[in-house]
Amino acid sequence: MKDDKSEQLSVNTIYDRLLDAYGPQHWWPAQTPFEVMIGAVLTQSAAWTNVEKAITNLKKAQALSPGAIRNMPFSELSGLIKPSGYYNVKARKLKSLVYWLGENYSDDIEQMSAVKSNKLREELLAVYGIGPETADSILLYALGKPLFVIDAYTKRIFSRIGLTNEDDSYNYYQKLFMSNLATDVIVFNEYHALIVKHAKEACNKKPVCGGCCLSQICSHSGKI
Ligand code: SF4
């Protein structure tokens, strides 16, 4: 593991290199904050292309609103989101999320956004089906709160580089980014999106290290 100064240098250097290599990613691909919230649940263990199909189904059924999802029969909701997989579990998660939104914030996302990040994060984590990655995705991408999102791609890339161990906790990873980057929603937004891009383009299960923009600073370059 690196000392604090070189760790900070690495976290910032990696961001610069990824941004140079791939450019801005324009995340999150959604039209409204509520759509981001729904997408954040549907993308659990699902490819984004399948999430898009589920969201399109909701839009066609005019069901992409808290009230519509709350009032819709469970079987109809699970049918609409079927393309995203685990549709019965995810339908239950969506119902829980919209009931929470209605009971606590009268479906008003601006009202929800006025709550301090840490308190809102605790509230979201208490909702059925919302774990740290989903909560932070909602906070960052729907509400513009400065929380860094950690996912399996982040763990894979940064452990290969040598900054972490893959089994380090979510909180450990989040602290690595949040203590070494300036608190900047735009950077947090872009960095996570770039990590996802890099995991798909180069650092996938069988990494393509030749030509990787991080190969000069990666301790696993060419070893896998
Ligand atoms: S050099 Fe290879 S292992 Fe390292 S980040 Fe790039 S693709 Fe991943």
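The values are calculated or read from the model by the stated rules, or taken from the named source; none is laboratory data. Here the structure is a predicted model, which means the values were calculated and not measured. Here Cβ is always computed from backbone atoms with ideal geometry, including for glycine, and neighbour counts include all displayed protein chains.
Please work out which one of (1) more than 10 Å from the ligand (Cβ to nearest atom); (2) more than 27 Å from Tyr87 (Cβ to Cβ); (3) among the aliphatic types (A, V, I, L, M); (4) assigned to a helix (DSSP H, G or I) is the condition Leu140 fails and give its number.
That leaves (2) as the condition not met.
Would you be able to tell me the number of residues in region 193-224 that are part of a helix (DSSP H, G or I) and within 16 Å of the ligand (Cβ to nearest atom)? I'd like the intermediate steps shown before the answer.
At the first step, the residues of region 193-224 found to be part of a helix (DSSP H, G or I) are 193-201, 215-217.
Those still in the list that are within 16 Å of the ligand (Cβ to nearest atom) too: 194-201, 215-217.
Number of matching residues: 11.
Scan region 75-112 for residues that are of a type in the set (Ser, Thr, Tyr) and touching a helix residue (DSSP H, G or I) at 6+ places or on another chain (Cβ under 8 Å) and jot them down.
Start the filter on region 75-112 by keeping residues that are of a type in the set (Ser, Thr, Tyr), which leaves 75, 78, 84, 86-87, 96, 99, 105-106.
Listed by number, the residues that qualify are Ser78, Ser84, Tyr87, Tyr99, Tyr105.
So is Thr43 of a type outside the set (Lys, Arg), within 19 Å of Asp151 (Cα to Cα) and exposed (fewer than 13 other Cβ atoms within 10 Å of the Cβ) or not?
So Thr43 fails the test.
Restricting attention to region 154-185, which residues are outside any helix (DSSP H, G or I) and more than 16 Å from the ligand (Cβ to nearest atom)?
At the first step, the residues of region 154-185 found to be outside any helix (DSSP H, G or I) are 162-169, 181-184.
Within region 154-185, Asp167, Asp168, Ser169, Leu181, Ala182, Thr183, Asp184 qualify.
Among the listed residues Ile186, Ile195, identify the single one that is buried (at least 20 other Cβ atoms within 10 Å of the Cβ), out of contact with any Pro (no Cβ under 9 Å at 6 or more places or on another chain), within 27 Å of Asp3 (Cα to Cα) and not assigned by TED's automatic domain parsing to the domain that holds Thr43. So that I can check it myself, show each step before the final result.
Working: Ile186 fails: buried (at least 20 other Cβ atoms within 10 Å of the Cβ).
The unique qualifying residue is Ile195.
Please determine, by comparing only the residues of region 155-178 that are small (Gly, Ala, Ser) and free of Cβ contacts under 8 Å to residues at least 40 places away in the same chain, which one is surrounded by the fewest Cβ atoms within 10 Å (Cβ to Cβ). Steps first, please.
Narrowing region 155-178 to residues small (Gly, Ala, Ser): 159, 162, 169.
Within this subset, residues satisfying the condition of being free of Cβ contacts under 8 Å to residues at least 40 places away in the same chain are 159, 169.
Values: Ser159: 17, Ser169: 10.
Result: Ser169.
Does Ile195 meet the test of being within 18 Å of Glu166 (Cα to Cα) and of a type in the set (Val, Ile, Thr)?
Values: within 18 Å of Glu166 (Cα to Cα): yes; of a type in the set (Val, Ile, Thr): yes.
Against the criterion (within 18 Å of Glu166 (Cα to Cα) and of a type in the set (Val, Ile, Thr)), Ile195 qualifies.
Checking Pro83 against (1) in a helix (DSSP H, G or I); (2) touching a Leu at 6+ places or on another chain (Cβ under 6 Å), which test does it fail?
(2)
Here is a yes/no grid of residues against (1) within 30 Å of Cys218 (Cα to Cα); (2) touching a residue at least 60 places away in the same chain (Cβ under 8 Å); (3) among the polar types (S, T, N, Q):
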position: Asp20; (1), (2), (3): yes, yes, no
position: Phe34; (1), (2), (3): no, yes, no
position: Glu52; (1), (2), (3): no, no, no
position: Ile55; (1), (2), (3): no, no, no
position: Gly67; (1), (2), (3): no, no, no
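Go through (1) exposed (fewer than 15 other Cβ atoms within 10 Å of the Cβ); (2) touching a helix residue (DSSP H, G or I) at 6+ places or on another chain (Cβ under 7 Å) one by one and return the number of the condition Asn71 breaks.
(2)
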